[in-house]
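This report concerns only the one structure given below.
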Amino acid sequence: MIDHIGQMPTVAAKKFKNKEALCFEGKSFTFEELSKLIEKFSSSLSSLGIKEKDVVTLYASNSWEWIVSYFSIARIGAIINPVNTMLTPSEIKHVVNDCKAKAIITSSDKVLSIINIKNETSVSTLISFGKAPQGAEAFNNLIEKETKPIEMPNISPEDLSTIGYTSGTTGHPKGAMQSHKSVVINGAMTSQLHMRGPEDVVVSALPCPHVYANVLMTGMMMFGTKLVLHQTFDPLSVFKDIEKHKATIFDGVPTMFMFMLNHQEFKNANLSSLKRCYVGGQTMPVATMEAVEKAFKVPLIELWGMTEIAGLGSTHPLYGQNKHGSIGCAMPYCELKIVNSENSSETMPRGEVGELMVKGPITMMGYFGDKEKTNETLGPDGWLHSGDLGKMDNDGYVYIVDRKKDMILTAGYNVYPAEIERVLANHPDVALAAVGKEADELKGEIAKAYVVLKGNTKISEQELINFCRETLAAYKCPRKIKFVKDVPKTSTGKIMRRELYTLD
């Protein structure tokens, strides 16, 4: 097993040599070519004074330069701080001040907005992909610079590798600290359960800073999988690359599959090379999963993960039973359990809803500089609170009911938005549904659905509410429905339920 992330490119170059590793917007790189670029850039970073244990923030959209930068930071033994490109300059300032970053690697579309950050933070070096303004180093110059190769750092598997900040929907984001061991194991076990290897070609538009994308990158390096990376998600571009590269796997979030399924060019797409697809980031209605499988003609396999566990916490093994509606079973070396959401010392009986907890070598070391939040999330016994409500069946498969914080309390009853969304997704005229909460004088809170219809179809609010009543108890049904063109999403395509009110 590889000890630390920085070793991955060197080992991959020796093992896979001139095999194609990465494709991005017409550019192609073999494992040897990637390794050489990483060696050059890591040497240049070292020459700029960046050393072991320094924190380097990576703030850019998907690109081949992002992947080179990620592994180069690890190659010198520095700590990677991958951040969401949707963060504003003020949020970036908070993050780099919080983790005391010494450098920021960014892209030409972001660099001008943070060019003065060196005057306000601990950042001493700013590196930009593409053109670099005064006050920043140009990435291209650094990878062409002749420098002396650096020695492989002596890094322990237990050492800090990454500080990954959560989305911050309930206040300032928190920096989840991951060891090299947790990142390596998660990438390895994801490939193990999914049987990803050198014969596979993966197409992905998942944002590189996200842990789901991370297991695809580390899987590429450790097991020779070819990665076809997209800067942003566009259904037509995905269709073309699946056919062009004879992709065997497509990884995405539920909204990506929905947009692909409903795209006008889907009927002309050649997806015959695909062998399976994976979906994560948010629960997906069973009806939609079945529609995807029927249209794509391959299995659609669900997974679940979070920033605090460096990637996946559960999935379905490729050669195991694929239970739609379930996020699968625990990753190897790990445990899952369902506990009373008000008393985590009480494990719930099989089939009853409670909070999902996870334990194993993939769990975070804690939140950077925040012992209070760490103690709230990670117990002394190693069990980590996920914040997700779910239930477990007799085979150990877990079913997510909803996010604990998204639960709606209406007239004393617990209502789960995801349950309503799954029902609405069954309606033939509904392309996408998201459910939020609205204050109500009588009931405290009520469920309100925001619905995107397919094409030019028309249906009334009452018709959809009546449709829900055929399946759901009266107290679970949405009291209001608003028809919209789209809903707020994160950079991964995950529906932001707490932002739905902005559509009113």
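Results for (1) within 24 Å of residue 31 (Cα to Cα); (2) charged (D, E, K, R), shown as yes or no for each residue.
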| position | (1), (2) |
| --- | --- |
| 225 | yes, no |
| 230 | yes, no |
| 238 | yes, no |
| 241 | yes, yes |
| 251 | yes, yes |
| 259 | no, no |
| 266 | no, no |
| 278 | no, no |
Review point. For the range 84-131, what are the residues that are over 18 Å from residue 69 (Cα atoms) and not in a helix (DSSP H, G or I)?
Key: 86, 87, 88, 100, 115, 116, 120, 121, 122
Check your understanding: Within the range 262-288, restricting attention to residues that are of a type in the set (A, V, I, L, M, F, W, C) and modelled with pLDDT under 95, which residue is most open to solvent (accessible area, probe 1.4 Å)?
Key -> 286
Check your understanding: Within the range 329-340, can one find any residue that is surrounded by 24 or more Cβ atoms within 10 Å (Cβ to Cβ) and either in a loop (DSSP other than H, G, I, E, B) or in contact with a His (Cβ under 7 Å, 6 or more places away or on another chain) (or both)?
Key -> yes
Review point. Restricting attention to the range 310-324, does a residue exist that is among the small types (Gly, Ala, Ser), open to solvent by 40 Å² or more (accessible area, probe 1.4 Å) and more than 30 Å from residue 261 (Cβ to Cβ)?
Key: no
Practice item. Take the residues in the range 191-204 that are touching a helix residue (DSSP H, G or I) at 6+ places or on another chain (Cβ under 7 Å) and open to solvent by 10 Å² or more (accessible area, probe 1.4 Å), then tell me which one is nearest to residue 10 (Cα to Cα). Key: 198
Check your understanding: Within the range 1-45, can you find the residues that are open to solvent by 50 Å² or more (accessible area, probe 1.4 Å) and either in a strand (DSSP E or B) or among the polar types (S, T, N, Q) (or both)?
Key -> 18, 20, 27, 28
Check your understanding: Of all the residues that make up the range 452-473, how many are in a loop (DSSP other than H, G, I, E, B) and open to solvent by less than 40 Å² (accessible area, probe 1.4 Å)?
Key -> 2
Practice item. Tell me, please, whether a residue that is touching a Lys or Arg at 6+ places or on another chain (Cβ under 7 Å), open to solvent by 50 Å² or more (accessible area, probe 1.4 Å) and more than 19 Å from residue 254 (Cα to Cα) can be found in the range 374-391. Key: no
Check your understanding: From the list 410, 492, which residue is in contact (Cβ under 8 Å) with a residue 60 or more places away in the chain, of a type in the set (S, T, N, Q), open to solvent by less than 50 Å² (accessible area, probe 1.4 Å) and farther than 17 Å from residue 283 by Cβ?
Key -> 410
Check your understanding: Can you pull out the residues in the range 362-373 that are more than 14 Å from residue 305 (Cα to Cα) and open to solvent by 20 Å² or more (accessible area, probe 1.4 Å)?
Key -> 365, 368, 369, 370, 371, 372, 373
Review point. Which one is modelled with the highest pLDDT among residues in the range 80-122 that are closer than 23 Å to residue 159 by Cα, open to solvent by 10 Å² or more (accessible area, probe 1.4 Å) and under 23 Å from the mean Cα position of the chain (by Cα)?
Key: 82
Check your understanding: Going by the structure shown, is residue 65 assigned to a helix (DSSP H, G or I), under 21 Å from residue 204 (Cα atoms) and either in contact (Cβ under 8 Å) with a residue 24 or more places away in the chain or touching a Phe, Trp or Tyr at 6+ places or on another chain (Cβ under 9 Å) (or both)?
Key -> yes
Check your understanding: Is it true that some residue in the range 178-190 is under 20 Å from residue 46 (Cβ atoms) and in contact with a helix residue (DSSP H, G or I) (Cβ under 9 Å, 6 or more places away or on another chain)?
Key -> yes
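The values are calculated or read from the model by the stated rules, or taken from the named source; none is laboratory data. The shown structure was predicted, so the numbers you read here are calculated from the model rather than taken from an experiment. Cβ atoms come from the backbone with ideal geometry, glycine included; neighbour counts cover every protein chain shown. Only protein heavy atoms, including side chains, enter the accessible area calculation; ligands, DNA and RNA are left aside. Shrake-Rupley method; radii C 1.70, N 1.55, O 1.52, S 1.80 Å.
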